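Only one structure is covered here, and it is reproduced in the block below.
The values are calculated or read from the model by the stated rules, or taken from the named source; none is laboratory data. Keep in mind that this is a model prediction, so the values were computed, not measured. No Cβ is skipped: glycine too gets one built from the backbone with ideal geometry, and neighbour counts run over all protein chains shown.
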Amino acid sequence: MHTLLRKSLFVAALAIALAAPASAQKRMVVIDQDTSGPGGSNIMSMLVLLQSPQVDVLGITVVTGNAWRDDEARHALRMLELIGRSDVPVALGAVYPLVRTQQETRIMSALVGQVAWLGAWGEKLPTLTTAPAGAVVAPAQAVLPGPFETRPLAEGEPHVKPIAEDAAHFLIRQVHEHPHQVTVYAAGPLTNIALAIAIDPHFAELAQGLVIMGSSLNPHTDDPEFATSPRHEFNIWFDPEAARISLRAHWPRIDVTTVDVSIKAMFTQQMLETIAKSNNPAARYIAKYSDERYYLWDELAACAWLDPSIITQTLNLYMDVDVSHGPAYGETLTWGEALKPSIDLQLVHAQVDLDLPRFSKMFVDLMSAPTPQSTLKPNK
């Protein structure tokens with residue numbers, strides 16, 4: 001199809017979607033994310049889904065990844081306040097990976113080489129100022145976090161709190177209440193997803209599908225993070241065991257936005273300047289707080305779920321994760337049909353190329369638009 005015609009059809013479709021009545025059937029999604037902020041890829045990807053008139057965001061489940069969970073949750077709650085969407089529930093999830101520890105990571109880095117991005121492992125372990133009554137705390141050992149950290153947020157403190165329900169049970173409840181209708185959008189480490197699978201073996205099959213920003217195959221880049229370590233990707237690496245559990249579960253469909261395609265989409269100054277021309281809440285938030293010019297990792301995963309046609313090349317592969325605790329611990333493993341192991345692996349649709357102009361326009365348009373309101377009853 002001629003490029004101009006394709007672009008015209010997309011603009012027309014977006015205009016129709018923006019004008020669609022609130023009563024129209026919307027797609028349901030739970031966002032599972034390491035919601036570090038303010039601004040940046042984690043927050044802006046959530047805004048993609050919150051800004052889409054096609055979507056009802058059932059809730060946000062927070063997992064440690066780029067930063068510690070409690071700090072992340074504060075950023076998510078404050079963003080929701082600033083765009084007028086405090087109706088979206090935020091549930092606290094896992095603080096630590098299932099197996100990987102900060103100490104082991106530091107020891108392995110010295111033995112097998114450094115990694116470019118440590119995320120929360122690059123910070124101090126979260127601790128409580130005072131242990132809660134009845135808590136048993138081992139000497140010289142960090143205890144599980146309780147209250148939020150007290151470091152001030154640039155965007156101001158949220159006035160609302162997370163819901164009492166934990167992330168894994170929130171995820172499970174949503175797929176049971178809306179069987180085969182809820183997509184789980186997972187753009188951080190997969191710890192919460194793995195916990196939900198462990199608690200409820202029917203969780204994955206009751207969802208509509210799983211969307212992951214994660215994995216790396218063979219990215220063509222000079223970026224030192226991937227040029228000499230093409231199978232390393234942070235979300236999978238941070239909790240390899242959780243990624244393995246999540247990828248092996250029986251989802252109706254798994255879509256994966258890989259490093260290979262993500263590094264082709266950069267958040268540019270021109271995109272920011274265009275968004276900043278809008279006076280709508282999401283645009284004002286991005287103009288003020290998104291000062292990072294980097295890959296649009298998570299935003300692409302969200303947009304590709306909304307409009308799969310922005311992806312121009314997909315590889316259908318069987319995907320797993322190295323959990324050997326050796327030099328390749330946390331790296332992506334893949335096979336085609338002919339060479340895959342005999343174990344029960346699932347087919348994933350791995351995105352490796354995109355229509356960049358179309359994606360960029362879609363992202364800018366969504367970020368510039370008014371924030372739609374939910375058509376769901378309050379979910380507290």
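Details
- Looking across M362, M319, one residue alone is in contact with an Asp or Glu (Cβ under 8 Å, 6 or more places away or on another chain) and modelled with pLDDT of 95 or more. It is M362.
- Residue within region 361-376 that is within 24 Å of P219 (Cβ to Cβ) and more than 22 Å from the chain's Cα centre (by Cα) present: no
- Matching entry among L296, L272 (being surrounded by 15 or more Cβ atoms within 10 Å (Cβ to Cβ), closer than 13 Å to D365 by Cα, in contact (Cβ under 8 Å) with a residue 12 or more places away in the chain and not hydroxyl-bearing (S, T, Y)): L272
- Residue match in region 316-326 (condition: under 19 Å from the mean Cα position of the chain (by Cα) and within 17 Å of V48 (Cα to Cα)): no
- Within region 178-202, residues that are under 10 Å from A242 (Cβ atoms) and among the acidic types (D, E) reach no partner that is modelled with pLDDT under 95 and assigned to a helix (DSSP H, G or I) with beta carbons closer than 6 Å at six or more positions or on different chains.
- Taking the criterion of being crowded, with 24+ Cβ neighbours inside 10 Å, more than 14 Å from I31 (Cα to Cα) and among the small types (G, A, S), the residues of region 65-100 that qualify are G65, A94.
- Selection status of A243, touching a residue at least 24 places away in the same chain (Cβ under 8 Å), under 30 Å from H349 (Cα atoms), under 20 Å from the mean Cα position of the chain (by Cα) and buried (at least 16 other Cβ atoms within 10 Å of the Cβ): yes
- Within region 179-266, helices (runs of 4 or more DSSP H) holding 2 or more residues that are modelled with pLDDT of 95 or more, small (G, A, S) and more than 27 Å from F359 (Cα to Cα): 191-199, 240-248
- Count of residues meeting criterion [in a loop (DSSP other than H, G, I, E, B), hydroxyl-bearing (S, T, Y) and at pLDDT 50 or above] in region 4-55: 3
- Restricting region 275-288 to residues that are in a helix (DSSP H, G or I) and of a type outside the set (A, V, I, L, M, F, W, C) leaves a set whose member that is surrounded by the most Cβ atoms within 10 Å (Cβ to Cβ) is Y285.
- Hey, R293 assigned to a loop (DSSP other than H, G, I, E, B) and touching a helix residue (DSSP H, G or I) at 6+ places or on another chain (Cβ under 8 Å) or not: yes
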